[in-house]
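Structure record follows, encoded as structure tokens.
The values are calculated or read from the model by the stated rules, or taken from the named source; none is laboratory data. None of the values given here were measured: they were computed from a predicted structure. Here the Cβ positions follow ideal geometry from the backbone for every residue, glycine too, while neighbour counts run over all protein chains shown.
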Amino acid sequence: MSAPAISLADRVTQIKPSPTLAVNAKAKALKASGADILNFSVGEPDFDTPLHVREAGKAAIDEGFTRYTAVPGIPELREAIARRFAEDHGWQYDPDQIQVSCGGKHGLYNMAQALLNPGDEVLVPTPYWVSYPAIIQLAGGTPVLVPLSDKRDFDLDPSTLSQYVTSKTKAIILNSPSNPTGSLFSEEALQAVAKLALERGWVIISDDIYDTITYIDGALPHILKIEPKLKGQTLILNGVSKSFAMTGWRIGYTAGPQHIIAAMNKIQSQSTSNPSSVAQKAALCAVTGPQDFPAEMCKAFLERRDYFVKELRSIPGVTCVNPMGAFYVFPNMSSYYGRSFDGKPIENSLDLADYLLDEALLAGVPGIAFGADDFIRFSFATSLEIIQEGLHRLKDALNNLS
Ligand SMILES: *Cc1c(COP(=O)(O)O)cnc(C)c1O
């Protein structure tokens, strides 16, 4: 007799299975079987962590810096992060207004757990980063998706935003530059958000993880620069994952009002405790050392972006917003929906991503994963040669649809 199936918590079953998982699993299986897969689905820089940062990590191990640390992170790292905020942006934070977490994603998780009650709504501009809705739901909150249009370069339209505001709105997430679109929010859009947030006392969650990876002259528009009065209700999320190619080290950080950071520390103290001691030392080296590494990466990314966008735009029926930051292109490929290959219809982004993987050995992420089914996300955190080959394959594959 077999044992009865063990039931799972409702919170797990309410989280939708990620549509990217199927494509990813398939890409991995194909690769394992020896297929020459070109992978554009990766969400991390293709650069190594800078040498001096790796050395700092090794030194931390050799010096025996391998025990528990303070839950919110070692004081010298929080002080160094506070100095970065002051020097780079003119924002003053005390070290106890900063939490170091196990990656930026974990900072968001702590925030949601610390802030949200059942029924609280969080405005999520869409296309969104895959984890936002799930992190909100796991905390009992309700993600409210606010559509952005590629026709407006994925900027936030204040009149659209106002349609989604209710008395239950508690917070809004801003991610500029954005994953997956690479777009920035304009000063006008941020001004409109700032006005509503001040009037209504919203929490602003500003996910600035890509703020050092931009392709603009001049400063990135930022809500705290547009409206400094919001500082007491804003949480700034950042980290070293993208800016220093340190995704695997798992160090992110949040700056914000002391009582919210203290609440986040409570959550962190009963779940992960401190982030890795060794990774904190490496991050300390990244934050205090030379700051030219992101700009070096940007040079390579810019050349690839220009090529990728130019080539995508040369494909009939494909439109593509020029990304101003991050390392993704997010072309609208929906004019190919309704076509078919070998009698098999392509009806949405999942079908198209699946087809590209099967027939072109090209892995991209279907837009539905980001709440935007008209699009496919391709990462250009990969070499120009691979991008060139990928675009040949993409063009051929689209050509073969009838
Ligand atoms: C990568 C990323 C993060 C943080 O990632 P971690 O690896 O957890 O530090 C946060 N937000 C967005 C939009 C990202 O793409």
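Numerical summary
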quantity: Number of the exception - Thr160 against (1) touching a Phe, Trp or Tyr at 6+ places or on another chain (Cβ under 8 Å); (2) away from the ligand (no atom under 16 Å from the Cβ); calculated: (1)
quantity: Hits in region 106-143 (condition: part of a loop (DSSP other than H, G, I, E, B), touching a Gly at 6+ places or on another chain (Cβ under 8 Å) and within 16 Å of the ligand (Cβ to nearest atom)); calculated: Pro127, Tyr128
quantity: Residue in region 261-281 that is within 13 Å of the ligand (Cβ to nearest atom), among the charged types (D, E, K, R) and modelled with pLDDT of 95 or more present; calculated: no
quantity: Residue among Asp94, Asp62 that is acidic (Asp, Glu) and within 27 Å of Ile226 (Cα to Cα); calculated: Asp94
quantity: Elements of type helices (runs of 4 or more DSSP H) contained in region 5-74, each with 2 or more residues being basic (Lys, Arg); calculated: 19-32, 51-62
quantity: For Glu199: the one exception among (1) buried (at least 19 other Cβ atoms within 10 Å of the Cβ); (2) assigned to a helix (DSSP H, G or I); calculated: (1)
quantity: Condition broken by Lys242, with the remaining ones in (1) more than 13 Å from the ligand (Cβ to nearest atom); (2) among the charged types (D, E, K, R); (3) in contact (Cβ under 8 Å) with a residue 24 or more places away in the chain; (4) assigned to a loop (DSSP other than H, G, I, E, B) satisfied; calculated: (1)
quantity: Asp217 vs. criteria in the same structural domain as Glu76 (by TED's automatic domain parsing), under 28 Å from Lys170 (Cα atoms) and in a loop (DSSP other than H, G, I, E, B); calculated: no
quantity: Yes/no for Val146 being over 27 Å from His259 (Cα atoms), assigned by TED's automatic domain parsing to the domain that holds Ala282 and in a strand (DSSP E or B); calculated: yes
quantity: Test: Phe185 is in a loop (DSSP other than H, G, I, E, B), touching a helix residue (DSSP H, G or I) at 6+ places or on another chain (Cβ under 7 Å) and either in contact (Cβ under 8 Å) with a residue 12 or more places away in the chain or within 14 Å of the ligand (Cβ to nearest atom) (or both); calculated: no
quantity: Sole residue being modelled with pLDDT of 95 or more, surrounded by fewer than 20 Cβ atoms within 10 Å (Cβ to Cβ) and within 22 Å of the chain's Cα centre (by Cα), chosen from Ile204, Ile251, Ile216, Ile223; calculated: Ile216
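Rundown of residues vs (1) buried (at least 16 other Cβ atoms within 10 Å of the Cβ); (2) without any contact (Cβ under 8 Å) to a residue 12 or more places away in the chain; (3) over 14 Å from Ala286 (Cα atoms), yes/no style:
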position: Leu30; (1), (2), (3): yes, no, yes
position: Lys58; (1), (2), (3): no, yes, no
position: Ile81; (1), (2), (3): yes, no, no
position: Arg84; (1), (2), (3): yes, no, no
position: Glu87; (1), (2), (3): no, yes, yes
position: Gln97; (1), (2), (3): yes, no, yes
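Rundown of residues vs (1) acidic (Asp, Glu); (2) within 14 Å of the ligand (Cβ to nearest atom); (3) more than 22 Å from the chain's Cα centre (by Cα); (4) within 19 Å of Ala114 (Cβ to Cβ), yes/no style:
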residue	(1), (2), (3), (4)
Lys229	no, no, yes, no
Leu235	no, yes, no, yes
Thr247	no, yes, no, no
Glu303	yes, no, no, no
Leu312	no, no, yes, no
Pro316	no, no, yes, no
